[in-house]
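A short worksheet on the structure shown next.
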Amino acid sequence: MFSIIQAAGWPIWPLIACSILALALVIERFTSLKTARIAPPKLLDEAITVSRNGVPATDVVAHLEQNSLLGEVLASGFRALNTNPRISEGDLRSTLEGAGRRAAHTLERYLAALATIASAAPLLGLLGTVIGMIEIFGSQAGSGGVASASGGNPAQLAQGISIALYNTAFGLIVAIPALIFWRYFRARVDGYLLTMEIASERFVRHLNTLRK
């Protein structure tokens, strides 16, 4: 592996940095986007059950808020109703929508960075390719500055070809998995957002009955 890095030259180091960063982001997103941490399946039903006769106690609301991102959204509705029992339905919806936007921001964290790596890695590979081509043409230049095969340096020619090919390949090796994982996480986030939107709509109707 080290011999490949040596053959690829210095342009491969930014690609190695991108690959390490992309791997760290993928691991972090896999850890953070677990269903139990975002939208537990039975959480909405439990929140509705404990509040059938009124807004639950403060400690229950705090526990709900710490449960998951969906819990934070539902807890914001309880807190709004606790602060103002006569709050309008429109204000109640606005409160949950604001909490939902904050949750969406949390869900989408680092996805832009992963998408940037997926877009930049092929360009970095292309940069390495261009540098390799420059070395190839430089190795074919004669003493008078005119291209000449007899004056070429075979070792420098081989090095230029290695830089060009290795960087192109490594750029694609970094970009393709980054793009795949970005699309996968993007789909998961969209699914979570839809789940939270449906849950919030149902929860607003439930809170509206408590408000009345």
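For region 23-37, check the following and say yes or no: at least one residue is of a type in the set (Ser, Thr, Tyr), in contact with a helix residue (DSSP H, G or I) (Cβ under 7 Å, 6 or more places away or on another chain) and surrounded by 13 or more Cβ atoms within 10 Å (Cβ to Cβ). Explain how you work it out, then say what you get.
As a first pass, look at region 23-37 and keep what is of a type in the set (Ser, Thr, Tyr): 31-32, 35.
If we keep only those that are in contact with a helix residue (DSSP H, G or I) (Cβ under 7 Å, 6 or more places away or on another chain) as well, we get none.
Checking region 23-37: not a single residue is of a type in the set (Ser, Thr, Tyr), in contact with a helix residue (DSSP H, G or I) (Cβ under 7 Å, 6 or more places away or on another chain) and surrounded by 13 or more Cβ atoms within 10 Å (Cβ to Cβ).
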query = If Ala17 satisfies every condition in (1) among the aliphatic types (A, V, I, L, M); (2) in contact (Cβ under 8 Å) with a residue 40 or more places away in the chain; (3) part of a helix (DSSP H, G or I) but one, which is the exception?
reply = (2)
inquiry  = Which of the numbered conditions does Arg86 fail, given that it passes all the others? Conditions: (1) under 28 Å from Ala22 (Cβ atoms); (2) not in a helix (DSSP H, G or I).
reply    = (1)
inquiry  = If I filter region 61-92 down to residues being in contact with a helix residue (DSSP H, G or I) (Cβ under 6 Å, 6 or more places away or on another chain) and of a type in the set (S, T, N, Q), which single residue comes out as farthest from Thr106 (Cα to Cα)?
reply    = Ser76
query = Does Ser51 meet the test of being among the small types (Gly, Ala, Ser) and free of Cβ contacts under 8 Å to residues at least 40 places away in the same chain?
reply = no
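So that you can scan it fast, the table gives a plain yes or no per residue for (1) within 14 Å of Arg211 (Cα to Cα); (2) over 28 Å from the mean Cα position of the chain (by Cα); (3) surrounded by 14 or more Cβ atoms within 10 Å (Cβ to Cβ):
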{"position": "Val60", "(1), (2), (3)": "no, yes, yes"}
{"position": "Leu64", "(1), (2), (3)": "no, no, yes"}
{"position": "Glu72", "(1), (2), (3)": "no, no, yes"}
{"position": "Ser76", "(1), (2), (3)": "no, no, yes"}
{"position": "Ala80", "(1), (2), (3)": "yes, yes, yes"}
{"position": "Leu92", "(1), (2), (3)": "yes, yes, yes"}
{"position": "Ala115", "(1), (2), (3)": "no, no, yes"}
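Rule-based calculations on the coordinates, nothing more; no lab input. Remember, predicted model here, so these are calculated numbers, not experimental data. Don't worry about glycine lacking a Cβ; one is built from the backbone with ideal geometry, like all the others, and counts go over all protein chains shown.
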